[in-house]
Amino acid sequence: MRKPIQLAGLFMILQGVSGVIDHLFVQPFFGVVLNFFNRVVIPRVAFLTGHEIFANLILAALGVVVVVAAERAGS
């Protein structure tokens, strides 16, 4: 069960970093998949609108927390 949770955390990290890159520049790789949070979730949540970079960085940080927690829980 640890590996799927770590994979989900890694995906959160990738989505967060990809969202920041997409917001600042242009995301050339897997934009449809990696920018789901940036393009679908953020516009629908009122308090995140206008704070896209911070929201994506928080998503990436939460992904790190999920990966570390899954690693520690498996030991």
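The values are calculated or read from the model by the stated rules, or taken from the named source; none is laboratory data. These numbers come from a predicted model, not from an experiment. Don't worry about glycine lacking a Cβ; one is built from the backbone with ideal geometry, like all the others, and counts go over all protein chains shown. For accessibility, only protein heavy atoms count, side chains too; no ligands or nucleic acids. Shrake-Rupley method; radii C 1.70, N 1.55, O 1.52, S 1.80 Å.
Quick notes on this one:
- Of residues in the stretch 1-23 being free of Cβ contacts under 8 Å to residues at least 40 places away in the same chain and crowded, with 18+ Cβ neighbours inside 10 Å, the one farthest from Glu71 (Cα to Cα): Asp22
- Scanning the stretch 59-75 for residues that are under 20 Å from Phe36 (Cβ atoms) and either at pLDDT below 95 or open to solvent by less than 80 Å² (accessible area, probe 1.4 Å) (or both) returns Leu59, Ala60, Ala61, Gly63, Val64, Val66, Val67.
- Residue count for the stretch 36-51 under the criterion of being open to solvent by 90 Å² or more (accessible area, probe 1.4 Å) and under 19 Å from Gly63 (Cα atoms): the result is 3.
- Looking only at the stretch 24-35, and only at residues there that are part of a helix (DSSP H, G or I) and exposed (fewer than 15 other Cβ atoms within 10 Å of the Cβ), the one that is nearest to the chain's Cα centre (by Cα): Val33
- Residue match in the stretch 3-19 (condition: among the aromatic types (Phe, Trp, Tyr) and touching a Ser or Thr at 6+ places or on another chain (Cβ under 8 Å)): no
- Restricting attention to the stretch 38-75, the residues that are in contact with a Phe, Trp or Tyr (Cβ under 9 Å, 6 or more places away or on another chain) and among the β-branched types (Val, Ile, Thr) add up to 0.
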